[in-house]
DNA sequence: ATGCCTGCGGTTCGCAGA
């Protein structure tokens with residue numbers, strides 16, 4: 001089965017691209033981030049007509065995550081345990097959605113993750129990012145005790161390694177690449193998770209995001225920040241990881257492209 | 001050194017993103 005993740009940067013602006021991707025690539029599961037709408041505004045009818053079930057955790061204007069799946073979506077959980085950290089206005093941020101997807105050989109647990117950006121680093125936004133990462137790690141530790149196929153997929157807003165940026169020097173003071181960020185990402189992976197792309201390739205130049213500004217796409221000035229982290233039971237079944245680069249060349253693209261894994265289940 | 005773009009809310013600008 002194919003499980004994909006995509007920061008779509010507004011599902012309303014990108015509905016055409018979304019339906020085309022579902023039709024042409026036909027992933028079994030698609031985790032979306034930055035849908036930027038409330039639950040009621042998600043284009044559920046169009047996505048269901050394309051053959052997908054939908055689980056949404058949205059909010060007004062910002063953030064928002066969803067899980068689309070051809071098979072039934074069960075045991076849906078909105079937010080990290082204990083509710084998400086409140087922002088300065090006291091509202092919860094819709095950044096984590098988890099569910100179980102049935103397969104012929106058992107269930108796969110999937111999470112759609114939109115990890116906080118954290119910039120600028122000398123502000124509470126960075127503290128929020130680091131604490132969110134610690135809460136995610138604590139939750140992942142609990143999920144791993146289930147010893148089931150698990151895919152933690154999403155926009156982590158983390159550049160794990162210098163080879164994951166075309167120009168690492170411009171990110172050295174950025175919340176996506178600062179040592180505390182990378183250390184916490186490493187701590188998450190070190191629980192026993194596998195970075196699916198790195199299990200398939202050691203190469204540089206494999207990016208999932210290109211900024212809209214300054215011709216980043218045309219210069220291939222990209223970074224790899226969208227990741228699928230696999231439990232041992234999922235990693236054992238990993239066949240392939242794909243970065244769907246061509247979507248960045250479309251008219252009115254998202255600044256991120258989908259990344260997918262093929263699992264032998 | 002700064003802004004470069006894009007989406008959103010709400011109004012022609014500010015905020016957020018990365």
Restricted to the stretch A:1-18 and to residues being surrounded by fewer than 22 Cβ atoms within 10 Å (Cβ to Cβ) and within 16 Å of DNA strand B (Cβ to nearest atom), the residue nearest to the chain's Cα centre (by Cα) is A:9
Within the stretch A:29-48, residues under 24 Å from residue A:262 (Cα atoms) and over 20 Å from the mean Cα position of the chain (by Cα) come out as A:48
Note: among A:107, A:94, A:111, just one is surrounded by 24 or more Cβ atoms within 10 Å (Cβ to Cβ) and away from DNA strand B (no atom under 16 Å from the Cβ), namely A:111
When the stretch A:96-117 is checked residue by residue, the ones that are part of a loop (DSSP other than H, G, I, E, B) and at pLDDT 95 or above are A:115, A:116, A:117
Of the residues in the stretch A:11-57, those that are touching a residue at least 60 places away in the same chain (Cβ under 8 Å) and not in a helix (DSSP H, G or I) come to A:13, A:14, A:27, A:28, A:29, A:30, A:31, A:32, A:33, A:34
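For every residue, the table says whether it meets (1) crowded, with 17+ Cβ neighbours inside 10 Å; (2) more than 15 Å from DNA strand B (Cβ to nearest atom); (3) modelled with pLDDT of 95 or more.
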residue	(1), (2), (3)
A:128	yes, no, no
A:133	yes, no, yes
A:138	no, yes, yes
A:154	yes, no, yes
A:158	yes, no, yes
A:162	no, yes, yes
A:168	no, no, yes
A:177	yes, no, yes
Filtering the stretch A:131-175 for residues that are without any contact (Cβ under 8 Å) to a residue 60 or more places away in the chain, out of contact with any helix residue (DSSP H, G or I) (no Cβ under 7 Å at 6 or more places or on another chain) and assigned to a loop (DSSP other than H, G, I, E, B) leaves a count of 8
The one condition residue A:234 fails out of (1) touching a helix residue (DSSP H, G or I) at 6+ places or on another chain (Cβ under 7 Å); (2) under 27 Å from residue A:24 (Cα atoms); (3) touching a residue at least 40 places away in the same chain (Cβ under 8 Å); (4) away from DNA strand B (no atom under 16 Å from the Cβ) is (1)
Only one of (1) within 27 Å of residue A:103 (Cα to Cα); (2) touching a residue at least 24 places away in the same chain (Cβ under 8 Å) does not apply to residue A:63, and that is (1)
Matching residues in the stretch A:179-193 (surrounded by 14 or more Cβ atoms within 10 Å (Cβ to Cβ) and more than 25 Å from residue A:110 (Cα to Cα)) number 1
Residue set A:103, A:5; condition farther than 25 Å from residue A:188 by Cα and touching a residue at least 60 places away in the same chain (Cβ under 8 Å); output residue A:103
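The values are calculated or read from the model by the stated rules, or taken from the named source; none is laboratory data. This is a predicted model, so every value here is computed, not measured. We place every Cβ from the backbone using ideal geometry, glycine too, and count neighbours over all the protein chains shown.
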